[in-house]
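Q: Structure incoming, see below.
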Amino acid sequence: MPIELFLCPKARHHKEGHPHHHPHTKGPSTATRTSGGREIRVVRRVLDVNDRMAARNRELFAEKNVFVLNLMSSPGSGKTTTLERTLERLVPEIRCGVIVGDICTTADADRLAVSGAPVVQVNTDEFGGDCHLAAHVIENALENFDLEALDLLIVENVGNLVCPAEFDIGEDRRVVVLSVTEGEDKPLKYPLMFRECDAALLNKVDLLPHLDFDADLAEANIWQIHPDMPVFRTSAKTGEGLDAWIGWIRDRMREKTGA
């Protein structure tokens, strides 16, 4: 069974009773907008604090020689099933750990724990249901791992194509999963996610014969936002594309560790 980790109130960046409506925008827009200046300054301060915590996490991961992968997507993309298949192919050769972010339940963590990898569940529902995992949440979750016993830590972020892309958690690489049931236009509607990620999985391709979905157009839209980003057409059901995907993970790990 996974370890269930509940966040304490001070772990949230939103005040109690404060709805999650403020922009998570990085970059020039936070400095040049004149309306709502107080809110913009608050957002900048939140992101600056997060970046400092992420840098601390990154230093720790480098010290322990742990490769960290941040896996993001909208809900229902097949992220968890793909991660199940990924762990089946990596464990026990590669010592893996997983942090799972969800608003409620331990359903995904329970499934992933079957792999034998240590799994920590982060639930955000008690404090309003944060839509992402931030660096301080990862720092807290790490207390449940022996980093000396890990080669690879995978963070399955909360299902959302907006907020998770804006919060550095100290990871080495970011990956976005896009299901063929979501529409080819998602990269254009949510450009920051696809711009910030290092690779994309075009998932559930076994459903293509049954859908009016243009996979080539989806890839073209991804490359319009992020030219030359690796895109893997995958199916957790049939196994299509998983060897290439796992090969990419192994290559990125070797780049960090030199092993």
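Q: Output the number of residues of the range 213-247 satisfying the condition of being in a helix (DSSP H, G or I) and farther than 18 Å from Asp198 by Cα.
A: Here the count works out to 3.
Q: Among the numbered criteria (1) modelled with pLDDT under 95; (2) aliphatic (A, V, I, L, M); (3) touching a Cys at 6+ places or on another chain (Cβ under 7 Å), which one does Ala109 miss?
A: (3)
Q: So which strands (runs of 3 or more DSSP E) are wholly in the range 93-207 and hold at least 2 residues that are of a type in the set (A, V, I, L, M, F, W, C) and under 17 Å from Ala62 (Cα atoms)?
A: Passing ranges, in order: 152-156.
Q: Within the range 218-243, how many residues turn out to be under 20 Å from Asp185 (Cβ atoms) and loosely packed, with under 12 Cβ neighbours inside 10 Å?
A: Qualifying residue count for the region: 1.
Q: Right, here's the next one. Does the range 66-90 hold any residues that are under 19 Å from Ala141 (Cβ atoms) and not hydroxyl-bearing (Ser, Thr, Tyr), and which are they?
A: Hits for the range 66-90 are Val66, Phe67, Val68, Leu69, Asn70, Leu71, Met72, Lys79, Leu83, Leu87.
Q: For Val205, state whether it is farther than 24 Å from Met53 by Cβ and surrounded by 15 or more Cβ atoms within 10 Å (Cβ to Cβ).
A: Yes; evaluated as a whole, the condition is true for this residue.
Q: Any idea which of (1) modelled with pLDDT of 90 or more; (2) more than 26 Å from Lys204 (Cα to Cα); (3) among the hydrophobic types (A, V, I, L, M, F, W, C); (4) buried (at least 20 other Cβ atoms within 10 Å of the Cβ) is the one Ala149 doesn't satisfy?
A: (4)
Q: Let me ask something additional. Looking only at the range 78-101, count every residue that is within 13 Å of Pro118 (Cα to Cα) and either touching a His at 6+ places or on another chain (Cβ under 7 Å) or among the aliphatic types (A, V, I, L, M) (or both) and tell me the total.
A: 6
Q: Scan the range 158-180 and give yes if some residue there is more than 16 Å from the chain's Cα centre (by Cα), buried (at least 22 other Cβ atoms within 10 Å of the Cβ), free of Cβ contacts under 8 Å to residues at least 60 places away in the same chain and at negative phi, otherwise no.
A: Scanning the range 158-180, I find at least one residue that is more than 16 Å from the chain's Cα centre (by Cα), buried (at least 22 other Cβ atoms within 10 Å of the Cβ), free of Cβ contacts under 8 Å to residues at least 60 places away in the same chain and at negative phi, so the answer is yes.
Q: Now for a separate question. Identify, please: which residue in the range 181-202 is more than 30 Å from Asn65 (Cβ to Cβ) and of a type in the set (Lys, Arg) and is, among those, surrounded by the most Cβ atoms within 10 Å (Cβ to Cβ)?
A: Lys186
Q: Shifting gears a bit: So which of Asp206, Asp151 ends up being over 19 Å from Thr81 (Cβ atoms) and out of contact with any Leu (no Cβ under 7 Å at 6 or more places or on another chain)?
A: Result: Asp151 is the single residue among Asp206, Asp151 that is over 19 Å from Thr81 (Cβ atoms) and out of contact with any Leu (no Cβ under 7 Å at 6 or more places or on another chain).
The values are calculated or read from the model by the stated rules, or taken from the named source; none is laboratory data. As the structure is a prediction and not an experimental result, all values here were calculated from the model. Counting neighbours? That spans all protein chains shown, and the Cβs are built from the backbone with ideal geometry, glycine included.
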